[in-house]
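The values are calculated or read from the model by the stated rules, or taken from the named source; none is laboratory data. Computed from a predicted model, the values in this text were never measured in an experiment. Neighbour counts run over all protein chains shown; Cβ positions are idealised from the backbone, glycine included. For accessibility, only protein heavy atoms count, side chains too; no ligands or nucleic acids. Shrake-Rupley method; radii C 1.70, N 1.55, O 1.52, S 1.80 Å.
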Amino acid sequence: MPRIEDDKSGFLALAGYSLTNWRLLERELRRQVEEGDALLIRTTQYGEMYHVIGHLRGPNGRLLNVITVWVVLQATGETRFVTLVPDKEAGR
């Protein structure tokens, strides 16, 4: 069910992502953070926030330029995905 605010399902659907193939999205997100350059954007009470500029190649072959946001938790050192946004600056 789409969220009222900040829903990204329509954007991700452009590349063929859906609830039925979420594992493909997860794999692409992991690839992006493993291969991309993470830039520290701020430190919060929870940990250090980073963003990675890159792309996701969807199951239909379409490329989505995205910025993903990650946090390295202060308490455990674990890296977690926070969100993604379309990279509107890509290709300019």
Whole-number Å³ per residue for the convex hull built on Cα positions in segment 11-92 | 102
Farthest toward the dipole's positive end in the chain, which of G58, Q32, Y46, given Cβ charges of +1 (Lys, Arg) and -1 (Asp, Glu) about the Cα centre?
-> G58
With every protein chain left in place, what is the accessible area of E28 in Å² (1.4 Å probe, nearest 10)?
-> 40
Test item: Cα-centred dipole of the chain, Lys/Arg +1 and Asp/Glu -1 on Cβ, debye = 260
Choose one answer from Q74, Q32, Q45: the residue with the largest mean-square fluctuation in a GNM of the chain with alpha-carbon springs under 10 Å.
-> Q45
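Per the 1.4 Å probe, what fraction of the accessible area of the chain, in percent, lies on carbon and sulfur atoms? Walk me through the numbers before you get to the answer.
Details: 3540 of 6610 Å².
C and S atoms contribute 54 percent here.
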So what is the calculated 222 nm ellipticity per residue for the chain, using -39500 (n - 2.57) for each DSSP H run with n of 4 or more, over all residues, to the nearest 500 deg cm²/dmol?
-> -6000 deg cm²/dmol
How far, in nm, would the chain grow between E35 and V85 when pulled straight, counting 0.36 nm per residue and subtracting the alpha carbon separation?
-> 16.2 nm
